[in-house]
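**Q** Got a structure for you, questions after.
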Amino acid sequence: MPTYARADLAFEKGVGPYLFAQDGRRFLDFGSGIAVNTLGHSHPHLVKELTEQVGKLWHTSNLYQMPGQQKLAERLIAHSFADTVFFCNSGAEANEAGIKMLRRYQHVSGHAQKNRILVATNAFHGRTLGTLTAGYSEKYREGFGPMPDGFDRVAFGNLNELRNGITENTGGILLEPIQGEGGICKAPDGYLEGVRKAADEFGLLVMFDEVQTGIGRTGKLFCYEWSDMQPDIVSSAKGLGGGFPIGALLANEKAASAFSPGMHGTTFGGNQLATAAANAVLDEVLKPGFLDHVLEMSGLIRDGLDAIARKHPGFIDEVRGKGLLLGMKTVPNNGDVVAKLRELNLLTVPAGDNVVRLIPPLNITKTHVDEALTAIDACAAALAS
Ligand SMILES: *Cc1c(COP(=O)(O)O)cnc(C)c1O
């Protein structure tokens, strides 16, 4: 269906951070299938684990015990605020489950009127009707109404506005700790802690959409770990399966008390193949030093971009983000920059606010960083005003 204006490019093979096109050209993948290929392409450990699982068992449904799924949940719990996890297939689905949990939590705690959720300007949460309504873009909603009700919007990063936005009908707050699609926007220091404080004061649950920021992308397993607070609910997806579709909703005991058997479900969610892939991703991401490496590579990219910005004024406006979730706000149109970089065999992804996202596999090395910077330097030479 005509849902994408696709680039005229098809790949037939991927190795590490490189993609090979049908016409023989080699591309350095700093888009990772939109922050999905955490370990690049055909990583030996992922190939081995998934191949073994393919020969054993694909799917049984959630009607039965699933040891691989349980193992994955236990690992996510051991390395986060969470006490429990629900698995699904995508980011939007994880967010839908979280929205249901926020509302149902207030319902079972005797505050059925607190069924509205505060969301932010510039937010993106997915393409289902519910998550479209939680998201900011009018354009994505146009013509798809009537939309579900129950979301109130406040300016991202503004604590006063958030506090003023809380009414007797507010039951929860849903935010991205760093806004991805919106243009890699970080909230000011202290914002997330302030959100927690306001939520506690007014009896609200805090949910973070970490679909893009999670699974090591920012140099922590989850981005909220950079702050001095803990959310009640976190959604995850993109990087979790390293390219295999899987989503997850993590929650503390309190939030999860909203659900009981039959309350929510999924046919495919967390099946044997998906959890084998995600467990293999965690085998690597949880290795000592892995996240330090993410930060080290991030530092190299930032230093290189600073040098390019000095050399070619009129190309880079600002570099923002954390870890390997980096946004380069450009002076030229970001779509033109992405297209020019693609001509130079570097793949990137555009985002809001005229940003070009640099979201490579987390296991890239200095060689790959140098290669990407060389392409960006050439692009700057061609497009700087
Ligand atoms: C990509 C994304 C989603 C949607 O995930 P899908 O898997 O495409 O449904 C939701 N929230 C954020 C922050 C995302 O980046």
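**Q** Roughly how big is region 46-285's charge dipole about its Cα centre, with Cβ charges of +1 (Lys, Arg) and -1 (Asp, Glu), in debye to the nearest 20? Display every interim value, and only then the final one.
**A** Numbers: 21 positive and 26 negative charges, 74 e Å.
The calculated dipole for region 46-285 is roughly 360 debye.
**Q** Let me ask something additional. Would you kindly calculate the translational diffusion coefficient of the chain, applying Stokes-Einstein with the Kirkwood radius from alpha carbon pairs, for 10 °C and a viscosity of 1.306 mPa s, and quote it in µm² s⁻¹ without decimals? Intermediate results must be reported in sequence, preceding the final value.
**A** On the way: Rh = 21.4 Å.
Answer from the Stokes-Einstein relation: 74 µm²/s.
**Q** For the chain, find the longest principal axis of its Cα atoms and tell me its angle to the long axis of helix 334-343, 0 to 90°, nearest 10.
**A** Approximately 50 degrees, to the nearest 10.
**Q** Just the Cα atoms of region 27-166: what Rg and Dmax do they give in Å?
**A** For region 27-166, the Cα-based Rg and Dmax read 19.3, 56 Å.
**Q** Restricting to DSSP loop positions (anything but H, G, I, E, B) with no more than 13 other Cβ atoms inside 10 Å of their own Cβ, which chymotrypsin sites (Phe, Trp or Tyr not before Pro) remain in region 17-76?
**A** Numbers: sites: Tyr18, Phe20, Phe27, Phe30, Trp58, Tyr64; in loops: Phe30, Trp58, Tyr64.
When the chymotrypsin sites (Phe, Trp or Tyr not before Pro) of region 17-76 are filtered for loop state and at most 13 Cβ neighbours within 10 Å, Trp58, Tyr64 remain.
**Q** So which GluC sites (Glu not before Pro) in region 37-77 are both in a DSSP loop and have at most 16 other Cβ atoms within 10 Å of their Cβ? Working shown, then result.
**A** On the way: sites: Glu49, Glu52, Glu74; in loops: none.
Loop-located and lightly packed - none at all.
**Q** Could I ask something else about it? Using only Cα atoms and rounding to the nearest 10 degrees, what angle (0 to 90) does helix 91-108 make with the longest principal axis of the chain?
**A** Taking Cα atoms only, the helix is inclined about 20 degrees.
**Q** Would you grab the residues whose amide H sits under 5 Å from the one on Ile316? Only those 5+ places off in sequence or on another chain, please, with H modelled 1.01 Å from N.
**A** Amide H neighbours of Ile316, under 5 Å, 5+ apart: Val331.
**Q** Another question, if that's okay. Pick from Leu175, Leu28, Leu159 the residue whose mean-square fluctuation is largest in a GNM of the chain, springs joining Cα atoms under 10 Å.
**A** Leu159
**Q** Continuing with this model, one more query. If you count, for each residue, the other Cβ atoms within 10 Å and average over each peptide, how do 137-145, 77-85, 38-46, 352-360 line up from highest to lowest?
**A** On the way: 137-145: 10.1, 77-85: 17.4, 38-46: 20.0, 352-360: 24.3.
Per-residue mean Cβ counts within 10 Å order the peptides as 352-360, 38-46, 77-85, 137-145.
**Q** Just to confirm the number: angle between the C-alpha axis of helix 366-383 and the first principal axis of the chain, 0 to 90 degrees, nearest 10?
**A** Helix 366-383 sits at roughly 70 degrees to that axis.
**Q** Given Cα pairs under 8 Å that are at least 6 residues apart, what percent is the relative contact order of region 46-285? Spell out each step's value before the answer.
**A** Working: 476 pairs, mean separation 72.7, N = 240.
Normalised by residue count, the contact order of region 46-285 is 30 percent.
**Q** Turning to a different aspect of this structure: Under the rule a/c < 1.5 gives rounded, and otherwise a/b versus b/c splits prolate from oblate, where does region 102-201 land using the Cα gyration tensor?
**A** Details: a/c = 2.09, a/b = 1.06, b/c = 1.96.
Because a/c hits 1.5 or more and a/b fails to exceed b/c, region 102-201 counts as oblate.
**Q** In whole angstrom, how far apart do the alpha carbon centroids of region 224-264 and region 156-195 sit?
**A** If we compute the Cα centre of each part, the gap is 18 Å.
**Q** Considering only the chain, what is the antiparallel percent among its DSSP beta bridges, to the nearest 5?
**A** Working: 32 of 49 bridges.
Close to 65 percent.
**Q** Here is a further query. At 25 °C and a viscosity of 0.890 mPa s, what translational diffusion coefficient does Stokes-Einstein give for region 146-220, taking Rh as the Kirkwood radius over Cα pairs? Give it in µm²/s as a whole number.
**A** Working: Rh = 13.4 Å.
The estimated diffusion coefficient comes to 184 µm²/s.
**Q** Next question, about the same structure. Could you list, in their original order, any pairs among Lys71/Lys220; Lys71/Lys238; Lys71/Lys366; Lys100/Lys322; Lys48/Lys71; Lys100/Lys287 whose Cα atoms are separated by more than 28 Å?
**A** Values: Lys71/Lys220 20 Å; Lys71/Lys238 19 Å; Lys71/Lys366 33 Å; Lys100/Lys322 30 Å; Lys48/Lys71 18 Å; Lys100/Lys287 34 Å.
Pairs exceeding the cut-off: Lys71/Lys366; Lys100/Lys322; Lys100/Lys287.
Each reported figure results from applying straightforward, stated rules to the coordinates on display, with no laboratory input. As the structure is a computational prediction, the values presented were derived from the model and not from experiment. Virtual Cβ from ideal backbone geometry, glycine too; neighbours counted across all protein chains shown.
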